[in-house]
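Visitor: Submitted below is the structure of interest, expressed as structure tokens.
The values are calculated or read from the model by the stated rules, or taken from the named source; none is laboratory data. As the structure is a prediction and not an experimental result, all values here were calculated from the model. A quick note on method: Cβ atoms are made from the backbone with ideal geometry, for glycine too, and the neighbour counts reach across all protein chains shown.
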4 protein chains.
Amino acid sequence: MTTVGFIGLGIMGRGMARNLIKAGFELHVWNRTAGPTTELAAEGAVAAASPADLAAQCEIVIACVSNTEAVQAVLLGPSGVIEGARAGSLVIDMSTISPSATREIAARLGERGVHMLDAPVSGGSEGAARGTLTIMAGGPPEQFARALPVLQAMGKNIFHVGDHGAGQLVKLVNQILVVGNALAMSEALLFAQAAGLDLRKTLETVSSGAAGSWMLSNRGPKILARDWRPGFMIDLQQKDLRLALAAADEMGIPMLCTSLVSNLYSTLQAEGLGREGNHALIKALEKLAGVEVGAQPG
Amino acid sequence: MTTVGFIGLGIMGRGMARNLIKAGFELHVWNRTAGPTTELAAEGAVAAASPADLAAQCEIVIACVSNTEAVQAVLLGPSGVIEGARAGSLVIDMSTISPSATREIAARLGERGVHMLDAPVSGGSEGAARGTLTIMAGGPPEQFARALPVLQAMGKNIFHVGDHGAGQLVKLVNQILVVGNALAMSEALLFAQAAGLDLRKTLETVSSGAAGSWMLSNRGPKILARDWRPGFMIDLQQKDLRLALAAADEMGIPMLCTSLVSNLYSTLQAEGLGREGNHALIKALEKLAGVEVGAQPG
Amino acid sequence: MTTVGFIGLGIMGRGMARNLIKAGFELHVWNRTAGPTTELAAEGAVAAASPADLAAQCEIVIACVSNTEAVQAVLLGPSGVIEGARAGSLVIDMSTISPSATREIAARLGERGVHMLDAPVSGGSEGAARGTLTIMAGGPPEQFARALPVLQAMGKNIFHVGDHGAGQLVKLVNQILVVGNALAMSEALLFAQAAGLDLRKTLETVSSGAAGSWMLSNRGPKILARDWRPGFMIDLQQKDLRLALAAADEMGIPMLCTSLVSNLYSTLQAEGLGREGNHALIKALEKLAGVEVGAQPG
Amino acid sequence: MTTVGFIGLGIMGRGMARNLIKAGFELHVWNRTAGPTTELAAEGAVAAASPADLAAQCEIVIACVSNTEAVQAVLLGPSGVIEGARAGSLVIDMSTISPSATREIAARLGERGVHMLDAPVSGGSEGAARGTLTIMAGGPPEQFARALPVLQAMGKNIFHVGDHGAGQLVKLVNQILVVGNALAMSEALLFAQAAGLDLRKTLETVSSGAAGSWMLSNRGPKILARDWRPGFMIDLQQKDLRLALAAADEMGIPMLCTSLVSNLYSTLQAEGLGREGNHALIKALEKLAGVEVGAQPG
């Protein structure tokens, strides 16, 4: 069976790595800090001394780290994957990072005969643990085919969406939709609250028709309960929005809605709410309106 | 069986009236212009000489006309319902109009012992024809109970959402969500197009997860096909947004997203696109970006 | 000398009327409430029993009232100017009202042989008292020439800007600029505050160059002193913005900046700050940012 | 007299350097490309082989280059100023760059006993040529005093606004105001055009009062003449806005107006208009509205 390496054992990576072990892959792991490596080693993984060392042992190397700089470091930096990877091996970057940086990394790896897929995910830590992630992959079709058994151990809806960078771009499309739907929900619930409507009945009424969205059905009730625990944290959401805004700026595409949301999230981060869920967006509008959703109408 | 009156035989009203005939109600009809009345009379309805005349014959009177002024005219104006309605009868206004005007109309009818429900709908002319409308009703619960058999002949998801005006307010909440989700979709598809993504694969990938919405699943494919035939026309959407913005302005609630969309729709109306579907919102962003979604990437 | 009538002795009208008396005009006055009439009568004006009565005595009739409805009432309503005005006389509406309503009023008066100018002002109650208002007049040039001696008693910068309604439209252009400049100032000062800059030095540095504006030079220092006394009240500013937004909506022109400001002012009105000056706009951004401009950096 | 070094002989730098020669300073120059160095050498400057070489000869070293990376390269990079500068000498960075990068550079130079001022300018190439720039300086007061005679050779309004980075921050405040006032102007002129107003009269009327700004008086007439030659180019304006937006994002300050303008400029850059003046902002609104300002009303 394919030997797989996994770099980055954070909240997401740990769940994904465990699902690879369960699926029977021989798994080598590396993490910037030692704790999670030890933990996974106890569950059957082989601890590697460095990304380069890990790459030397594996046919497929997965990276799942926090941002563009971290991906560049573990893949291309000193003791990075590029120093150990065998010609013909495959790197799958499952982090969400810059699409244009992704293309540069693929080119650099390609010069050494190493293949690459960008394959960011959605579905959160829950999806990572359960193996039900949505995976959006960009890169050569034959590498996608090669990666598929590995990806299927971690995700449920797995799409090949285009060439290098396309996975990252589709992920950003996803995030633009998520926050736009969140803004619509926030504005609508604030209106409902100010109008003195019964919010539970209102949600029930509008969720099933033309106004419906995953966000409204899944996060609307959390807002009513003022439960701000994250599905997906504002800090991470904001990181992805910055990637989307930078890409749009390069392309000369207006992002009126996404810019607005990013401005609102910034104020929440400044208040220390960056670790709340992205549905806490409504708190920015609440500040402005002086109205609290879920409170008894006065 | 209950004798029902129907005022306003437009695209929506005609379908609704037909479903009442099918359900076996004795139906009296009146329309501002004669054509539709003659048509419905040929199908078994009784033509009334005026709203007042119609109200004198019916236990329940439904109005489904184009705006606040039209509702005020047919209910409270000369030869209006108020001049003929029997004490104890019920008026159901299924138009989408101003919530505060609704409360005033209910009060005026109440002075004559006439009951009222506001019961705007969503689901478009198709839903009206098929009897599958969503209906959001405001007013006294016992009047809602009384109206239910009549409403069930026209709609499928029928909700009692609060007192007088609440039906209109929930309808506006619905519209805020609809256009916010449409803006998110427009921005996301424009980004995808500019990035050179395969739009069909992109839609398929993002529609099922956290980015999903009714709008994306039902109108996204229409945008890719550049099919601008309305589900719901920009002119009507814009009329509803003005009601929402006016209500929000009265309440002191910010509507950053809805204002933005309303500005964009205004420019489309000025171009003569008011009779296209509300998903043509994307055309405003296309103008700004100089990019056409669905075109082959250059 | 010309006999002049003045309708509407509010904060603005009183100062303007006094300047007409000083300039030697025989002045007839009418006000909805008696107090100000008595006051002006004590200063030499003749009290009229109604707008119609006043119009019967005067060659030129000035109206300066609060909104479109009030102008329609005093000019066209029962006992209104139209009932008493002599053919060939001139009505000057110095209120800020709807441009399209202005054209309709001019047409109605024209049917009776009564001429009209729309001549809204800027400069506030101070300018009204000192006779230094800016006046923007629309209507036939010969009527402007006829009105000029009267206007010169009240204002300093007097412009004939076009036909009926043009005065109102230029006033709205003025207001769009005022609030846009106020938004720029608010955002810039909030940035400066958050960055820990010395606000007094910052204002001094940027006021004289390409960033300069009347708003920055005249209202910036008031913000630093947190002095919210009005030059021009938010409630009135917001009334004018609604006229501008409605006119733009009719014309299909996007008003992204003005819409944004109007949304922010709405939230301040809901907080009860409608009688503060329009430079209190910054308080809306302060709420959002959790930063207070003028406070010591933390 | 003080020996001065000048790095960066672009459109701005050339004019500034010439004014230093005129003022009698012994001037050493270096530029990334040879042409401008040769030109200035012919006018009396001494050509240096590298920034390090130049720094070794000078008591005061000025840098005026295009962005943060360029400043870091010429000051801290290989053969950079830091390699040649004498302890006790002074570096004045007159580029517009990141405030936080500025603080880091000042710290790095400080470790070698080299002083620093950040002193960005406004006033464009014209102001650079004429020696009438506005200069906003941050850094220790005694270094500002030391630099003053040099700065006075290049500028007219010279301000010491605070510690390291404060010059850059005040420059960003300036740019936020500039583009906000430009947006207000654009929206107002578009409204005026759509309303059929005489634009020249409108400008004349509103420029002198509460709506007035440098932008309106100096760029409004250029818009009417459709003269898009830059005072200040969109590409540079946009570069500065990105710095402002990044700084605001770090501080958690909303920038609703600046974000909006930056989005609009992006679309103009994508159209190839980045070298037009910043007043071409109005073209973005024109695209959206389908209205051209300055055209005869249809």
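Visitor: Scan segment B:131-143 and report the pairs whose first residue is surrounded by fewer than 24 Cβ atoms within 10 Å (Cβ to Cβ) and whose second residue is part of a helix (DSSP H, G or I), with Cβ atoms within less than 6 Å and a gap of 6+ or a chain change.
Guide: Going by the 6 Å Cβ cut-off, the qualifying pairs are B:G131/B:N19.
Visitor: Here's another thing I want to ask about it. Would you confirm, using the coordinates I've provided, whether D:D198 is more than 27 Å from the chain's Cα centre (by Cα), among the charged types (D, E, K, R) and either outside the structural domain of D:A70 (by TED's automatic domain parsing) or under 25 Å from B:A289 (Cα atoms) (or both)?
Guide: In short, yes.
Visitor: Filter the helices (runs of 4 or more DSSP H) completely within segment D:137-213 down to those with at least 2 residues that are at pLDDT 95 or above, over 26 Å from C:A194 (Cβ atoms) and at the interface with chain C (Cβ under 9 Å from one of its Cβ atoms).
Guide: The helices (runs of 4 or more DSSP H) meeting that bar are D:166-194, D:199-207.
Visitor: Just give me the residues in segment D:146-193 being in contact with a Leu (Cβ under 9 Å, 6 or more places away or on another chain), farther than 28 Å from D:K222 by Cα and of a type in the set (G, A, S), in sequence order.
Guide: Matches in segment D:146-193: D:A147, D:A153, D:G162, D:A166, D:G167.
Visitor: For residues in segment A:39-87 being on the phi < 0 side of the Ramachandran plot and among the polar types (S, T, N, Q), which is farthest from the chain's Cα centre (by Cα)?
Guide: Here is the first cut: in segment A:39-87, the residues on the phi < 0 side of the Ramachandran plot are A:39-43, A:45-78, A:80-87.
Then keep just the ones that are among the polar types (S, T, N, Q); that gives A:50, A:57, A:66-68, A:72.
Values: A:S50: 24, A:Q57: 27, A:S66: 9, A:N67: 10, A:T68: 13, A:Q72: 17 Å.
The selected residue is A:Q57.
Visitor: Please state which of the following conditions C:T2 fails to meet, knowing it meets all the rest: (1) of a type in the set (S, T, Y); (2) within 23 Å of C:G167 (Cβ to Cβ); (3) modelled with pLDDT of 95 or more.
Guide: Looking at each condition in turn, C:T2 falls short on (3).
Visitor: A follow-up question, please. Any residue at all in segment A:158-169 that's under 22 Å from the mean Cα position of the chain (by Cα), free of Cβ contacts under 8 Å to residues at least 12 places away in the same chain and surrounded by 24 or more Cβ atoms within 10 Å (Cβ to Cβ)?
Guide: Looking through segment A:158-169, none of the residues is under 22 Å from the mean Cα position of the chain (by Cα), free of Cβ contacts under 8 Å to residues at least 12 places away in the same chain and surrounded by 24 or more Cβ atoms within 10 Å (Cβ to Cβ).
Visitor: Of (1) assigned to a loop (DSSP other than H, G, I, E, B); (2) surrounded by fewer than 17 Cβ atoms within 10 Å (Cβ to Cβ); (3) not aromatic (F, W, Y), D:S95 satisfies all except one. Which?
Guide: Among (1) assigned to a loop (DSSP other than H, G, I, E, B); (2) surrounded by fewer than 17 Cβ atoms within 10 Å (Cβ to Cβ); (3) not aromatic (F, W, Y), the lone unmet condition for D:S95 is (2).
Visitor: Scan (1) without any contact (Cβ under 8 Å) to a residue 12 or more places away in the chain; (2) touching a His at 6+ places or on another chain (Cβ under 7 Å) for the single condition B:A182 breaks and write down its number.
Guide: Tallying (1) without any contact (Cβ under 8 Å) to a residue 12 or more places away in the chain; (2) touching a His at 6+ places or on another chain (Cβ under 7 Å), B:A182 fails exactly one: (1).
Visitor: A further question follows. Confirm whether D:E39 is touching a residue at least 24 places away in the same chain (Cβ under 8 Å) and within 17 Å of D:T3 (Cα to Cα). Please lay out each step first, then the result.
Guide: Working: touching a residue at least 24 places away in the same chain (Cβ under 8 Å): yes; within 17 Å of D:T3 (Cα to Cα): no.
Considered against the rule, which asks whether it is touching a residue at least 24 places away in the same chain (Cβ under 8 Å) and within 17 Å of D:T3 (Cα to Cα), D:E39 comes out as no.
Visitor: Collect the residues in segment A:261-270 that are facing chain D (nearest Cβ under 10 Å) and either touching a Leu at 6+ places or on another chain (Cβ under 9 Å) or buried (at least 24 other Cβ atoms within 10 Å of the Cβ) (or both), keeping them in residue-number order.
Guide: Within segment A:261-270, the subset facing chain D (nearest Cβ under 10 Å) is A:262-270.
Selection gives A:S262, A:N263, A:L264, A:Y265, A:S266, A:T267, A:L268.
Visitor: I would also like to ask the following. Tally time: how many residues in segment C:106-136 are part of a strand (DSSP E or B), of a type outside the set (A, V, I, L, M, F, W, C) and within 14 Å of chain D (Cβ to nearest Cβ)?
Guide: Final tally of qualifying residues: 3.
Visitor: Could you run through segment C:173-207 and say how many residues are touching a Phe, Trp or Tyr at 6+ places or on another chain (Cβ under 7 Å) and under 30 Å from C:I105 (Cα atoms)?
Guide: Residues flagged as touching a Phe, Trp or Tyr at 6+ places or on another chain (Cβ under 7 Å) and under 30 Å from C:I105 (Cα atoms) within segment C:173-207 amount to 2.
Visitor: Then there is this: Yes or no: segment C:199-216 includes at least one residue that is more than 22 Å from D:L133 (Cβ to Cβ), in contact with a Leu (Cβ under 8 Å, 6 or more places away or on another chain) and crowded, with 16+ Cβ neighbours inside 10 Å.
Guide: Looking through segment C:199-216, at least one residue is more than 22 Å from D:L133 (Cβ to Cβ), in contact with a Leu (Cβ under 8 Å, 6 or more places away or on another chain) and crowded, with 16+ Cβ neighbours inside 10 Å.
Visitor: Tell me, yes or no, whether segment D:14-36 has at least one residue that is in contact with a Ser or Thr (Cβ under 8 Å, 6 or more places away or on another chain), part of a helix (DSSP H, G or I) and either buried (at least 16 other Cβ atoms within 10 Å of the Cβ) or not assigned by TED's automatic domain parsing to the domain that holds D:M116 (or both).
Guide: yes
Visitor: Oh, and also: In segment A:46-88, how many are touching a His at 6+ places or on another chain (Cβ under 7 Å) and either hydrophobic (A, V, I, L, M, F, W, C) or without any contact (Cβ under 8 Å) to a residue 40 or more places away in the chain (or both)? Can you show your working first?
Guide: Taking segment A:46-88 first, the residues touching a His at 6+ places or on another chain (Cβ under 7 Å) are A:46, A:48, A:54, A:57-58.
Now drop any that are not either hydrophobic (A, V, I, L, M, F, W, C) or without any contact (Cβ under 8 Å) to a residue 40 or more places away in the chain (or both), which leaves A:46, A:48, A:54, A:58.
Matching residues across segment A:46-88 total 4.
Visitor: Next question. Name, by its number, the condition in (1) hydrophobic (A, V, I, L, M, F, W, C); (2) buried (at least 21 other Cβ atoms within 10 Å of the Cβ); (3) more than 9 Å from chain B (Cβ to nearest Cβ); (4) free of Cβ contacts under 8 Å to residues at least 40 places away in the same chain that does not hold for C:I234.
Guide: If we test C:I234 against (1) hydrophobic (A, V, I, L, M, F, W, C); (2) buried (at least 21 other Cβ atoms within 10 Å of the Cβ); (3) more than 9 Å from chain B (Cβ to nearest Cβ); (4) free of Cβ contacts under 8 Å to residues at least 40 places away in the same chain, just (4) comes out false.
Visitor: Also, I was wondering about something else. More than 17 Å from D:M154 (Cα to Cα) and in contact with a helix residue (DSSP H, G or I) (Cβ under 6 Å, 6 or more places away or on another chain): which single residue out of D:P51, D:P78 fits that description?
Guide: The unique qualifying residue is D:P51.
Visitor: Please work out if A:T258 is buried (at least 24 other Cβ atoms within 10 Å of the Cβ), free of Cβ contacts under 8 Å to residues at least 40 places away in the same chain and not aliphatic (A, V, I, L, M).
Guide: When the stated conditions are applied, A:T258 does not pass them.
Visitor: Further question: Condition first: closer than 19 Å to A:G13 by Cα, not small (G, A, S) and not in a helix (DSSP H, G or I). Now tell me which residues in segment A:74-92 satisfy that. Quick ask: steps written out before the conclusion?
Guide: From segment A:74-92, those closer than 19 Å to A:G13 by Cα are A:74-75, A:80-81, A:90-92; that's our starting set.
Of the ones still in play, those that are also not small (G, A, S) are A:74-75, A:81, A:90-92.
Once the filter is applied, which keeps residues that are closer than 19 Å to A:G13 by Cα, not small (G, A, S) and not in a helix (DSSP H, G or I), segment A:74-92 yields A:L90, A:V91, A:I92.
One line per residue, one yes/no per condition, for (1) on the phi < 0 side of the Ramachandran plot; (2) within 9 Å of another protein chain (Cβ to nearest Cβ); (3) surrounded by fewer than 23 Cβ atoms within 10 Å (Cβ to Cβ); (4) in contact (Cβ under 8 Å) with a residue 12 or more places away in the chain:
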residue	(1), (2), (3), (4)
C:D249	yes, yes, yes, no
C:G272	no, no, yes, no
C:I282	yes, no, no, yes
C:E286	yes, no, yes, yes
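Visitor: Now a separate question. Within the bounds of segment B:95-102, is there any residue that is more than 10 Å from chain A (Cβ to nearest Cβ) and either free of Cβ contacts under 8 Å to residues at least 60 places away in the same chain or in contact with a Cys (Cβ under 7 Å, 6 or more places away or on another chain) (or both)?
Guide: Yes; the residues of segment B:95-102 include at least one that is more than 10 Å from chain A (Cβ to nearest Cβ) and either free of Cβ contacts under 8 Å to residues at least 60 places away in the same chain or in contact with a Cys (Cβ under 7 Å, 6 or more places away or on another chain) (or both).
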